[in-house]
Amino acid sequence: MNRDSPVSASSLRRQIVIFHVQFALVVLGLLLGRTVRDALYLSRAGVERLPLLYAAVGLIVAVAALAWGRLRRGRTTRASAIQLHALFALTFLGFAWVGPRIGNAAWAALYLWVEILAALSVGQFWNVVNERFEPRTARMAYGRIAAGQAVGNIACGALSHVIAGRGATVMLIATAAVSGASALIYLAVPKTQAARGATGRGQGRLLANQRRLEAGRMRTYAFTLLGVVAVTYLVTSWVDFQFKVIARRSLDERGLTVFFGTFYAVVGVVAFIIQVVIFPRLSRWLGSFRALSLMPGAFLATGLMLPLAVALTQAVSVAAKFAESALRYAVYDPLLQVFWLPLTPEGRIRFQSLASGVVKPLAIAAGGLLLWPLRPDAPDGVDVTSLGWLIAAGAATIL
């Protein structure tokens, strides 16, 4: 820690620990919600209408994110995060009570609600983090904070195994409890933006210069990043769909719950190893831009294998989803936060909210619409050859 840093070493460590725990809870709540949602939906409705569901969910999530952006005006990011997770806790309790009584309509609504949780909670988390770290300390802190994802993955696997046989109601109550805990942890985050320190005359001039740059060159830079986000999530929607097709073919509701939980736990272990052991050395060797290409590189390889090795479709589909899940949280997301740092604090919040709340869900919606023509006559799959070429083309565009 440099002497001229506005935050003491002990204060910095405390903030990193708080955000590490918070990110673990955010990811745990998200994965528990997705586990119970996917198990319920896939075991009852199948996958034949999943592309249209992707499209509808993406559009609705984008509208919900814009609405939330208007509602949170005038509130701090910390207060907004507390209110958001308290809302999710209450609504998941509502699903636990209403779902068994209504049935499929409730589970379809749950599918939508979990995606709203994913779009808003992760984006809101990084908004809170970005307000409290200077660019100089952020590069070191973000990797440690993002390691909380691995803890959340492993905890999801453990909880899924313990409560899978107790039904969807218990899973939803557990998800509500995690969301409530997330709201409480945010209370430990300082209200003031302690990591920035006092704004002196020199820092004021720096911010003014940053704003002028953002009006021109930085705006182009930010929209380029938004384009990368759009194509990335377009491809991940295709990878996610094929993964769910494979899981649906051979598992019932309880089997799906255990499978998804185990999958996320193994991903968490691998992501932790990547985050702590491999990535620090790899990023120094490759540099940030090349390290960011690891996930699309994996998509390119698996996308090409789908049409060229049809007999290995199941293994390749699982490998593609595994690479997406492990590399996105361990490498892609932390690096993407670093790439937002050249913007002013206000610009980072604005463009990151746009990326997570609007660009990402609209890209997923577009992915669903592009999947629809690939449906075969069979109710549980797509034209794997065409899907593989789509994934490879999207990955090549990112690279």
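Numbers for the structure displayed
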item: Scattering profile of segment 5-92 at q = 0.17 Å⁻¹ [log10 I(q)/I(0), Debye over alpha-carbon scatterers]; result: -0.99
item: Normalised convex hull volume, segment 268-355, alpha-carbon set, Å³ per residue; result: 115
item: Among Leu30, Leu71, Leu369: highest mean-square fluctuation, GNM of the chain, C-alpha pairs under 10 Å; result: Leu71
item: The chain - percent relative contact order, Cα under 8 Å, separation 6 or more; result: 33
item: Mean shadow area of segment 207-346, taken as a quarter of the surface of its Cα convex hull (nm²); result: 10.5
item: Fraction in percent of alpha-carbon pairs per bin - 20 Å, the chain; result: 27, 60, 13, 0
item: Shape box of segment 131-177 [Cα atoms, principal axes, largest first, Å]; result: 47, 18, 9
item: Extension gain from Glu134 to Thr224, taking 0.36 nm per residue of separation minus the Cα-Cα distance; result: 30.1 nm
item: Debye log10 I(q)/I(0) for segment 47-196, one point scatterer per Cα, at q = 0.12, 0.16, 0.21 Å⁻¹; result: -0.61, -1.05, -1.46
item: Cross-link partners of Lys321 among lysines (Cα-Cα below 18 Å; sequence separation of 8 or more within a chain); result: Lys244, Lys360
item: Packing-based exposure ordering (other Cβ within 10 Å, fewest first) of His85, His161; result: His161, His85
item: Least to most buried among Ser160, Ser250, Ser293 (fewest other Cβ within 10 Å first); result: Ser250, Ser293, Ser160
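Read-outs throughout are calculated quantities, based only on the coordinates presented, and are distinct from any laboratory measurement. None of the values given here were measured: they were computed from a predicted structure. Every residue, glycine among them, receives a Cβ derived from its backbone with ideal geometry; neighbour counts consider all protein chains shown.
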